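I have placed the structure first, in the form of structure tokens, so that the comments after it can refer back to it.
The values are calculated or read from the model by the stated rules, or taken from the named source; none is laboratory data. Note that the coordinates shown come from a computational prediction; the quantities given were computed from them, not determined experimentally. Because the Cβ atoms are built from the backbone with ideal geometry, glycine has one as well, and the counts that use them run over all protein chains shown.
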Amino acid sequence: MADAPAHVHDHDNPEGLVPVEEARERVLSKIEPLAPLELPLAEAYGCVLAREVVAREDIPGFASSAMDGFAVRSSDIRDATPAIPVELKIVGRALIGHRPEGTVGGGEAIRIATGAPIPAGADTIVPIENCAVEGEIVRILASSPAGKHVRPVGEDVRAGETLIRSGQRLSAAELGLLATAGVPVPLVHPRPRVVVLSTGDELIPPTQTPEFGQIRDSNAYMLFGSLREAGAVPVLAGAVKDDVEALKETVLSHLIRADAFVSSGGVSVGERDVVKAAFFRRGDLDFYRVAMQPGMPQAFGHIEGKPYFGLPGNPVSVFVSFEVFIRPALMKMMGRKQLLRPEINAKIDADVSGPKGKLQFARVRVRRGPEGWVASPTGGRGSNLISTVARANGLAMIPVGVETAEAGTEVRVMLFRSSED
Ligand code: AMP
Ligand code: MG
């Protein structure tokens with residue numbers, strides 16, 4: 001690339017291979033969490049809270065009964081027993097969702113339902129099984145101390161308490177808590193909308209039958225799934241011909257609705273490598289070769305302020321590159337603290353060979369054996385072999401410097417789905 005402009009950084013020589021960790025750090029250092037937005041609860045689900053939520057009110061906001069029975073004064077019934085019951089006059093009812101009728105004075109009782117507010121004057125509930133009703137009179141057969149079967153104000157949360165800390169991801173229980181506390185639009189980091197593009201004259205949609213030499217666009221749908229699993233919102237922009245102007249136009253036409261772009265294909269050094277040609281004057285795309293297999297070369301930068309990830313065309317490279325670079329970047333955009341997939345140690349049950357100078361991501365199926373995790377390679381190394389990914393649940397990482405990891409060795413495996421899925 002002797003004619004590349006000064007701001008295009010090329011790393012095409014063997015010495016210029018960037019280690020995976022370093023490439024990921026470079027990417028992450030240029031990614032910021034998305035600006036927080038107030039979103040309705042249903043949309044905020046799964047998002048990270050951007051500002052702590054403080055309870056404005058006590059929860060619950062009123063004292064209520066935990067039993068069906070009678071609300072009474074504990075002092076009136078201190079000596080009640082089945083043999084010598086205490087007789088009280090029924091002066092009203094306390095229904096759920098309503099202000100109680102009247103108050104409980106000395107010698108009085110109010111019939112109450114579970115969840116109904118405690119009437120003024122009463123300090124305890126006598127469950128219905130300890131009561132015998134006769135007309136306007138209730139006989140109390142057992143004592144009940146003050147506070148018994150009463151759910152007090154603020155028992156769950158006190159006004160002024162921190163309900164949920166900033167940085168907490170909102171899952172089921174948090175949504176329930178926010179709804180209870182009357183916080184219907186929490187401030188969260190939104191889900192990034194990611195525009196997905198495929199490049200290549202050979203591509204057709206999966207609905208069509210290929211002519212000789214044509215290929216169905218699998219990357220777009222794979223990326224759709226990977227993005228959804230990451231919590232992002234994919235926007236499928238379709239396949240673009242290997243035409244610089246067409247690619248530019250498509251990308252720019254989607255700028256308004258994009259928080260980021262992912263394209264596949266067209267980043268290697270052939271005459272059809274449109275990503276480079278389209279964008280080396282716009283934004284600040286970095287093209288580099290990462291010391292990984294599969295997955296090189298890669299492009300990353302910003303176009304009009306939006307992160308742009310240019311992936312290679314081969315489906316396995318796309319899948320692995322997404323896992324290694326894009327997913328962590330999206331996690332950072334969403335304000336997540338845990339950016340990387342979980343990893344385990346597993347024993348491989350077959351030899352795995354790869355290029356010595358690169359970190360190899362080998363597709364494996366891991367399962368728990370009697371002596372710990374076992375990883376079985378799911379097929380060949382070729383980065384076009386998409387079925388090897390579909391059979392896998394993890395990527396075994398064969399480190400730089402190792403040409404063949406022999407059967408029985410322990411390797412680190414990044415899990416991209418649970419071993420049952
Ligand atoms: P490229 O990086 O554009 O040279 O593409 C490398 C290989 O990946 C070629 O064999 C392409 O046909 C294939 N490829 C590119 N894009 C896709 C896609 N969206 N779906 C499936 N295969 C693709
Ligand atoms: Mg291509």
> Hey, among the residues in segment 188-214 that are more than 23 Å from residue 46 (Cβ to Cβ), buried (at least 16 other Cβ atoms within 10 Å of the Cβ) and not polar (S, T, N, Q), which one's nearest to ligand 2 (Cβ to nearest atom)?
Replying inline: 200
> Does residue 380 satisfy the criteria of being away from ligand 2 (no atom under 16 Å from the Cβ) and either in the same structural domain as residue 226 (by TED's automatic domain parsing) or not in a helix (DSSP H, G or I) (or both)?
Replying inline: yes
> Mind checking whether some residue in segment 314-332 is over 24 Å from residue 221 (Cα atoms) and more than 21 Å from the chain's Cα centre (by Cα)?
Replying inline: no
> If you go through segment 311-334 one residue at a time, do you hit one that is assigned to a strand (DSSP E or B) and within 16 Å of ligand 2 (Cβ to nearest atom)?
Replying inline: yes
> For segment 340-357, which residues satisfy the criterion of being out of contact with any helix residue (DSSP H, G or I) (no Cβ under 8 Å at 6 or more places or on another chain), at pLDDT below 95 and outside any strand (DSSP E or B)?
Replying inline: 354, 355, 356
> Does at least one position in segment 23-32 carry a residue that is in a strand (DSSP E or B), surrounded by fewer than 19 Cβ atoms within 10 Å (Cβ to Cβ) and of a type outside the set (Asp, Glu)?
Replying inline: no
> Given the structure, is residue 127 out of contact with any helix residue (DSSP H, G or I) (no Cβ under 8 Å at 6 or more places or on another chain) and at pLDDT below 95?
Replying inline: no
> Restricting attention to segment 240-257, and to residues there that are crowded, with 16+ Cβ neighbours inside 10 Å and within 28 Å of the chain's Cα centre (by Cα), which single residue is nearest to ligand 2 (Cβ to nearest atom)?
Replying inline: 251
> Among 107, 69, which is modelled with pLDDT of 95 or more, in contact with a helix residue (DSSP H, G or I) (Cβ under 7 Å, 6 or more places away or on another chain) and within 13 Å of residue 132 (Cβ to Cβ)?
Replying inline: 69
> Restricting attention to segment 189-202, and to residues there that are touching a Ser or Thr at 6+ places or on another chain (Cβ under 9 Å) and outside any loop (DSSP other than H, G, I, E, B), which single residue is farthest from ligand 1 (Cβ to nearest atom)?
Replying inline: 195
> Can you spot a residue in segment 283-301 that is within 13 Å of ligand 2 (Cβ to nearest atom), surrounded by fewer than 17 Cβ atoms within 10 Å (Cβ to Cβ) and not in a strand (DSSP E or B)?
Replying inline: no
> Does segment 225-232 contain at least one residue that is under 20 Å from the mean Cα position of the chain (by Cα), closer than 23 Å to residue 41 by Cβ and assigned to a loop (DSSP other than H, G, I, E, B)?
Replying inline: yes
> How about segment 54-81: which of its residues are out of contact with any strand residue (DSSP E or B) (no Cβ under 9 Å at 6 or more places or on another chain), in a loop (DSSP other than H, G, I, E, B) and within 18 Å of residue 145 (Cβ to Cβ)?
Replying inline: 81
>> Filter segment 156-184 down to the residues that are assigned to a helix (DSSP H, G or I), within 14 Å of the chain's Cα centre (by Cα) and loosely packed, with under 14 Cβ neighbours inside 10 Å and list them by number.
In response: 172
